[in-house]
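The values are calculated or read from the model by the stated rules, or taken from the named source; none is laboratory data. Fair warning: this is a prediction, and the values are worked out from it, not measured in the lab. Glycine gets a Cβ as well: all are built from the backbone with ideal geometry, and neighbour counts include every protein chain shown. Calculation scope for accessible area: heavy atoms of the full protein, side chains included, ligands and nucleic acids excluded. Shrake-Rupley method; radii C 1.70, N 1.55, O 1.52, S 1.80 Å.
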Amino acid sequence: MVDVEILIAGAGPAGLFMARALAGSGLRVAVADPQRASALAAPADDGREIALNQRSLRMLREWQAWDRIADADRAPLRAARVMDRDLSAAMRFEPAADGALGTLVSNHALRRAAWDSVQGQDGLELLLEQRVVELRREPDAMVATLQHADGTQRSLRARLVVAADTRFSQLRRMMGIGAEQFDFGKSMLVCRMRHDKPHESTAWEWFGLQQTLALLPLAPGQSSVVLTLPPLDMQAMQQLDVDAFARDIERRFDHRLGAMELISDRFVYPLVGVYAQRFSAPRFALLGDAAVGMHPVTAHGMNFGLLGVELLAAELRGAADVGDAERLARYARRLRLATRPLYLATEAVVRLYTDSRPPALALRGIALRAAQALAPLRAGVTRALLDSGEPLALRLAARLPPLPGLPRLG
């Protein structure tokens, strides 16, 4: 006998939306997380804004989470602009018809909506202030040892364990699954600022010399500013007083936004990309950042996390055994097909556009100007950003016959 069919480790958006996607399936699901209910119900503002594409928005509506996000915590993203040192080399992405590339949502608001969406869900048990400290596999189940905040332990048997416990997943390590980790050697500062000139609902990604600037448009006259610098330079930025910081950001944006004013705390994060070598193992699956931890430059991290939820839920609903190896391998292959190309492309772009050596500087400008001149390329990238339907890699894979002799991915 098992206690639950599925144990999800991690009550972030990926873990909670995984539970929500299984509502009405008849499966018994448990979510374990070391945080208290009060912290999950009212998450602290961490300064991050999440860019959701149209596919992700559709999922949030299906899970009755979208209406739980206040208008003040979301803003339309109508266009994006990529620049290399000056605006003359800008590349612009926007939908062909009147509309939006997606929507920006405050991370803490998304986390709160995920928590609210599972309250009172039938068949769901929330195991809070508890973390998984050990896993043991049996032929027909996984046995997890849960440790409570007070030090007491208990065992729980599940047909399947899903790890959604951050890009530095401890459960991934317990299962012996390695991960590619690329430390970009930079720190990222995020904050909200008020500015005189309009942002026109357009996101900026501006690659400079020894820095990267991003602008995410929020309310009129307000934006989220993202600054990437080497850690020592970032320490100096953190030590500036509020006024000096605002003047420095004005300078970095070349005064293109007029006078600027800091209206939030400043938050700093290390930049590390992670890609798991496998997304599944017997009676075990990785989800969210535990599977793919993206550099934020492409704004696809949460979109990939929600795509993983959708793909895994499709395999589990109606399954005679949710730990079936073939179903988990199929989930792993589909998620890898959808995420691997953009993960590798992102790493290559960041490497190139943060390299300030003369040959790289010349190549940066050539690449951006060439891409701007190629309308089909820009249209393809725009479609990828919108992603309102099946990801291109999955559509192509569905049309190809199976190739004998190739190893399975996942």
**Residue in segment 106-136 that is most open to solvent (accessible area, probe 1.4 Å), counting only those that are out of contact with any Ser or Thr (no Cβ under 9 Å at 6 or more places or on another chain) and either of a type in the set (Asp, Glu) or at pLDDT below 95 (or both)** = Asp122
**Request:** Could you look through segment 329-357, keep only residues that are under 23 Å from His300 (Cβ atoms), in contact with a Lys or Arg (Cβ under 8 Å, 6 or more places away or on another chain) and at pLDDT 65 or above, and pick out the one that is surrounded by the most Cβ atoms within 10 Å (Cβ to Cβ)?
**Result:** Ala332
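Sort out which residues of segment 230-241 are of a type outside the set (Gly, Ala, Ser) and either part of a helix (DSSP H, G or I) or buried (at least 20 other Cβ atoms within 10 Å of the Cβ) (or both), and write them in order of number.
Once the filter is applied, which keeps residues that are of a type outside the set (Gly, Ala, Ser) and either part of a helix (DSSP H, G or I) or buried (at least 20 other Cβ atoms within 10 Å of the Cβ) (or both), segment 230-241 yields Pro231, Leu232, Asp233, Met234, Gln235, Met237, Gln238, Gln239.
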**Prompt:** Looking at Ala360, Ala319, Ala371, which is the one that is out of contact with any Phe, Trp or Tyr (no Cβ under 9 Å at 6 or more places or on another chain), hydrophobic (A, V, I, L, M, F, W, C), open to solvent by less than 20 Å² (accessible area, probe 1.4 Å) and at pLDDT below 60?
**Reply:** Ala371
**Request:** Scan segment 242-268 and report the pairs whose first residue is on the phi < 0 side of the Ramachandran plot and assigned to a loop (DSSP other than H, G, I, E, B) and whose second residue is open to solvent by 40 Å² or more (accessible area, probe 1.4 Å) and not charged (D, E, K, R), with Cβ atoms within less than 8 Å and a gap of 6+ or a chain change.
**Result:** Arg256/Leu87; Ile263/Gln222; Arg266/Gln238
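Out of all the residues in segment 262-279, which are farther than 30 Å from Val162 by Cα and in contact with an Asp or Glu (Cβ under 9 Å, 6 or more places away or on another chain)?
Listed by number, the residues that qualify are Leu262, Ser264, Asp265.
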**Condition met for Ala158 (farther than 30 Å from Val272 by Cα and either touching a His at 6+ places or on another chain (Cβ under 7 Å) or in a strand (DSSP E or B) (or both))** = yes
**Residues of segment 289-316 that turn out to be part of a loop (DSSP other than H, G, I, E, B) and at pLDDT 95 or above, as a count** = 1
**Request:** Take the residues in segment 1-31 that are aliphatic (A, V, I, L, M) and assigned to a loop (DSSP other than H, G, I, E, B), then tell me which one is most open to solvent (accessible area, probe 1.4 Å).
**Result:** Met1
**Prompt:** Residue check: is Leu213 closer than 18 Å to Ala80 by Cβ, part of a strand (DSSP E or B) and aliphatic (A, V, I, L, M)?
**Reply:** yes
**Item:** Arg55 being open to solvent by less than 50 Å² (accessible area, probe 1.4 Å), part of a helix (DSSP H, G or I) and among the basic types (Lys, Arg)
**Value:** yes
**Message:** For segment 24-41, check the following and say yes or no: at least one residue is over 15 Å from Gln121 (Cβ atoms) and among the acidic types (Asp, Glu).
**Reply:** yes
**Message:** Can you tell me how many residues within segment 236-257 are touching a strand residue (DSSP E or B) at 6+ places or on another chain (Cβ under 9 Å) and under 19 Å from Thr212 (Cα atoms)?
**Reply:** 13
**Asked** Taking segment 173-223 as the region of interest, how many residues are hydroxyl-bearing (Ser, Thr, Tyr) and open to solvent by less than 10 Å² (accessible area, probe 1.4 Å)?
**Response** 2
